[in-house]
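Here the structure comes first, spelled out in structure tokens, and everything after it is commentary.
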Amino acid sequence: MRVAQIGVGGWGKNHARVLSQFGALCAVCDADAVRAKDTGQKYGVNYYTAIEDMLESEKFDAAFICTPTSTHYKLATKMLEMKKHVFIEKPMTYKSEEGAKLVHLAKKNGVTLTCGYIERFNPAVETVKNFVKSKTYGELIMLEFHRENRMPLHIKDVGIIYDTAVHDIDTAMWLFDDTPEIVFARSGKIKHDHEDFATIMLGFKDNKVAIISSNWITPARVRHFSAVCTDGIISADFISQEVRIEKDQGSEIPRSEKAEPLTLEIKHFLDCIESKKTPRVTPQDAVNVTRIAEAALISSQKGVPLYLELQ
């Protein structure tokens, strides 16, 4: 498997590291000449500053797109039209209709397309998912997410809903195994050009709900969620990967193996290409997340809930 990566700054530098560890990375491209050179030399692969030059010189099977959100659609379209398998860092596109076009293009060309909703590969989330699926602690009725920290310096073109809350939107749908029917949100900006704090409520069928609270104001880094079930509350930390269950009889901490979610995510994508299996994060999943993010922004601006019909 030969993989070319477009964009190696910010979070993208971690993708390059993992792809190199798997022996899959064959070339990198970044508009920043110094960054492209440093990454290419670090991992012993060819490096470019222009997509056209890379396409002319390199033969590869798949592309990783780790560039600003506004560039995703154009780059992914080019790669899919060349029948390359494509991994796009979240969110897949800024507009959901553009994402829908990518879904169609991937199907048409028979290639694998996925999006980097990494928390599905977090061992803590997988543990909670297994408990919810088996109904070990009863029926899941409510999810609460808290994701707080200072704003990452590399984020320029989107606010906290598209950059941060989308992780929890996707995780909520993954844990409920469903799409929400209603979105209501409040957001605002204090220190940044885009919204830097937001609270989103997602209403699912049977009155089930997910509450997502995100901000770029809090100094301390918080990445935590709770799953409220009829017979207990399961809490988990995305960072430490610790899971705790609170019941009437007391609390318990189940044993689980820790692992780097990014390594698991990238390995899964490469395995799906080899085996021609459907990726855990389907491209339609990614389109749904974008539609919900769009609805959250509109809901906040208009002060009203929005009803959705998602695929």
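Coordinate-derived values only; no laboratory data. Since we're looking at a predicted model, the values are computed, not measured. Neighbour counts run over all protein chains shown; Cβ positions are idealised from the backbone, glycine included.
Listed by chain and number, the aspartates and glutamates whose C-alpha is less than 15 Å from the C-alpha of Lys90, apart from same-chain residues fewer than 8 away, are Glu98, Glu119, Asp157, Asp163, Asp168, Asp170, Glu265, Asp285, Glu294. Quick one: in the stretch 1-129, what % of C-alpha pairs are over 22 Å apart? The answer is 35 percent, as a whole percent. Sequentially through the stretch 207-223, phi angles give Karplus couplings (6.51, -1.76, 1.60; θ = phi - 60°) of 6, 6, 9, 10, 10, 10, 10, 9, 7, 10, 9, 5, x, 7, 8, 10, 9 Hz, Gly and Pro residues having no value and appearing as x. Here the Karplus curve 6.51 cos²θ - 1.76 cosθ + 1.60, taken at θ = phi - 60°, turns the phi angles of the stretch 244-254 into couplings of 10, 10, 10, 10, 4, 7, x, 10, 8, 10, x Hz, with x standing for Gly and Pro.
Among Ile211, Ile169, the ranking by other beta carbons within 10 Å of each residue's beta carbon, starting with the fewest, stands as Ile211, Ile169. Put simply, the convex hull of the Cα atoms in the stretch 6-81 casts, on average, a shadow of 4.7 nm². According to the Cα-based calculation, Rg over Rh for the stretch 270-309 is 1.27, with Rh computed by the Kirkwood formula.
Remark: Trp174, Trp216 ranked as Trp174, Trp216, counting other beta-carbon atoms within 10 Å and listing the fewest first.
In terms of other Cβ atoms within 10 Å, Ser134, Ser96, Ser251 run from fewest to most in the order Ser134, Ser251, Ser96. Under the simplified labelling scheme, the Asp32-Glu246 pair shows an inter-label distance of 4.2 nm, with each label point 7 Å from Cα along Cα→Cβ. Only DSSP H runs of four or more residues enter the estimate; each adds -39500 (n - 2.57), and after division by the residues of the chain the mean residue ellipticity at 222 nm equals -11000 deg cm²/dmol. Here the chain carries DSSP beta bridges of which approximately 60% are antiparallel, counting only pairs with both residues inside. 3J(HN,Hα) along the stretch 3-10, derived from phi through the Karplus expression 6.51 cos²θ - 1.76 cosθ + 1.60 where θ = phi - 60°, amounts to 10, 9, 10, 10, x, 10, x, x Hz, with x in place of Gly and Pro. When the alpha carbon coordinates of the stretch 168-254 are projected onto the principal axes, the ranges are 47, 33, 19 Å, largest first.
Give the Kirkwood hydrodynamic radius (Å, one decimal) of the stretch 107-152, defined as one over the mean of 1/r across all pairs of different Cα atoms.
Here the Kirkwood hydrodynamic radius works out to 13.9 Å.
For the stretch 184-311, the equivalent ellipsoid derived from the Cα gyration tensor has semi-axes of 27, 24, 18 Å, listed largest first. If you plug the beta carbon distance of Thr136 and Thr218 into 1/(1 + (r/R0)^6) with R0 = 30 Å, you get a FRET efficiency near 0.40. When both the stretch 1-71 and the stretch 191-219 are represented by their alpha-carbon centers, they are found 33 Å apart.
Would you please name the GluC sites (Glu not before Pro) within the stretch 199-285 that are DSSP coil residues with at most 12 other C-beta atoms within 10 Å of their C-beta? Before the final figure, lay out each step's value.
Numbers: sites: Glu242, Glu246, Glu252, Glu257, Glu265, Glu274; in loops: Glu242, Glu257.
Of the GluC sites (Glu not before Pro), the ones in loops of the stretch 199-285 whose Cβ has at most 12 other Cβ atoms within 10 Å are Glu257.
Note on Lys42 and Ile182: the extension gain reaches 45.7 nm, defined as 0.36 nm multiplied by sequence separation minus the Cα-Cα distance. Entry note: the stretch 76-200 has Rg to Rh equal to 1.01, where both radii use alpha-carbon atoms and Rh is the Kirkwood radius. Rounded to the nearest 20, the Cβ-based charge dipole of the chain about its Cα centre (Lys and Arg +1, Asp and Glu -1) stands at 480 debye.
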